[in-house]
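Below is one structure, written out as structure tokens, with a few remarks after it.
The values are calculated or read from the model by the stated rules, or taken from the named source; none is laboratory data. Predicted, not measured: the structure shown is a model, and the values here were computed from it. No Cβ is skipped: glycine too gets one built from the backbone with ideal geometry, and neighbour counts run over all protein chains shown.
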Amino acid sequence: FYAKKHKVTWTGLGDGLCVVAPLGLLFGRAANFINGELYGRVANGVAWAVKFPLSLMEEPPEVQSAAWQECTRIEPSLGDAQSVDHLIAAARENPEVSKALGEFLQPRHPSQIYEGLLEGLALFLILYIVRVRFRNAPDGLLTGLFFLFYPIFRIFGEQFREPDAEMIGMFTKGQFFSFFMFAFSAAFLAHAWRGWKKRQTA
């Protein structure tokens, strides 16, 4: 409706949306990092590795039990807690609980930051530069580039992320479904190519 009202092609409208979409992905990944969710795989020896309280659930039962006991010793009210959320809340409020919990956690890749920089910042810069440098680019080009680079960055970034669902063969679900986006990329790039050829022959 918007495209028809403002006499813009639907692919041209899509191009405009795809340029700014990576910024939303960037802020989303930043929120994931702040909330300590969608954390990365274990990264021993990595200087910038981070310990995420929620990753306690990835540890063996005996480690989880020991962590609960130690934290409960410091904060007795945790004895009545029913979920790890209570433990995390206590760790945020009590530095001693936070320190004790950290002893049972493994350092992990801050994969949210990796993905934010790739899927968000890098992708935005690529699309923005193309839009500015090639103002007469055919409609569909930017959308095609979005669907080309996003899965590339996602597949790469997922190597550092702790899988949050069952694997599909050797791939995480995020990697597996990203492959289908290449088909969308090919379709939009083909559309852009046809548009460019029409201009050349007009």
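Observations on the model:
- Filter pass, residue 108 being basic (Lys, Arg) and modelled with pLDDT of 90 or more: yes
- Screening residue 153 against (1) touching a residue at least 12 places away in the same chain (Cβ under 8 Å); (2) within 30 Å of residue 20 (Cα to Cα); (3) over 13 Å from the mean Cα position of the chain (by Cα) leaves a single unmet condition, (3).
- Elements of the type helices (runs of 4 or more DSSP H) sitting completely within region 40-130 and holding at least 2 residues that are under 23 Å from the mean Cα position of the chain (by Cα): these cover 84-93, 111-115.
Residues checked against (1) within 23 Å of residue 192 (Cβ to Cβ); (2) modelled with pLDDT under 90; (3) β-branched (Val, Ile, Thr):
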site: 12; (1), (2), (3): yes, yes, no
site: 17; (1), (2), (3): yes, no, no
site: 27; (1), (2), (3): no, no, no
site: 41; (1), (2), (3): no, no, no
site: 45; (1), (2), (3): no, no, no
site: 49; (1), (2), (3): no, no, no
site: 59; (1), (2), (3): no, no, no
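- Lone qualifier among 135, 154 - being assigned to a loop (DSSP other than H, G, I, E, B) and of a type outside the set (A, V, I, L, M): 135
- Residue selected from region 157-202 under the condition in contact with a Gly (Cβ under 8 Å, 6 or more places away or on another chain) and outside any helix (DSSP H, G or I), by the criterion surrounded by the fewest Cβ atoms within 10 Å (Cβ to Cβ): 162
- Any hit, region 55-66, residues being of a type in the set (Val, Ile, Thr), closer than 22 Å to residue 116 by Cβ and surrounded by fewer than 18 Cβ atoms within 10 Å (Cβ to Cβ): no
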